[in-house]
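Undergrad: Please see the structure below; I have some questions.
No value in this document is a laboratory result; all are computed from the given coordinates. No experiment lies behind these values; they were computed from the predicted model shown.
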Amino acid sequence: MTWVKDMVGDKPGPNGASAVVRLIRELIQTDPQLLYTLRHAGVQPGAVVSVTSSPAGAMVSSGGEAAELPAHAAAHVFVAKR
């Protein structure tokens, strides 16, 4: 398992690297806007997501929706590669 911020270079390109969200740490859970953005994009524990790099840090998507995470936030989403 790894943090989203550490996965962004694993598979560059439009499809990204596939992973399963395992944990969203408490730091993110105290930010209502970021938590809403993640939920809207389907990024929650157990979800299969695609992880790609973005100018801000990382783009995490699931089911056609995406959430752009700043690098500091991407360091608090724990995933397992598929």
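Undergrad: Put one equal scatterer on each alpha carbon of the range 2-81, apply the Debye formula with no solvent term, and list log10 I(q)/I(0) at q = 0.12 1/Å to two decimals.
TA: -0.25
Undergrad: Another question, then. Go ahead and estimate [θ] at 222 nm for the chain from helices alone: -39,500 (n - 2.57) per DSSP H run with n ≥ 4, summed, over the residue count, rounded to 500.
TA: Counting only the DSSP helices, I get -5000 deg cm²/dmol.
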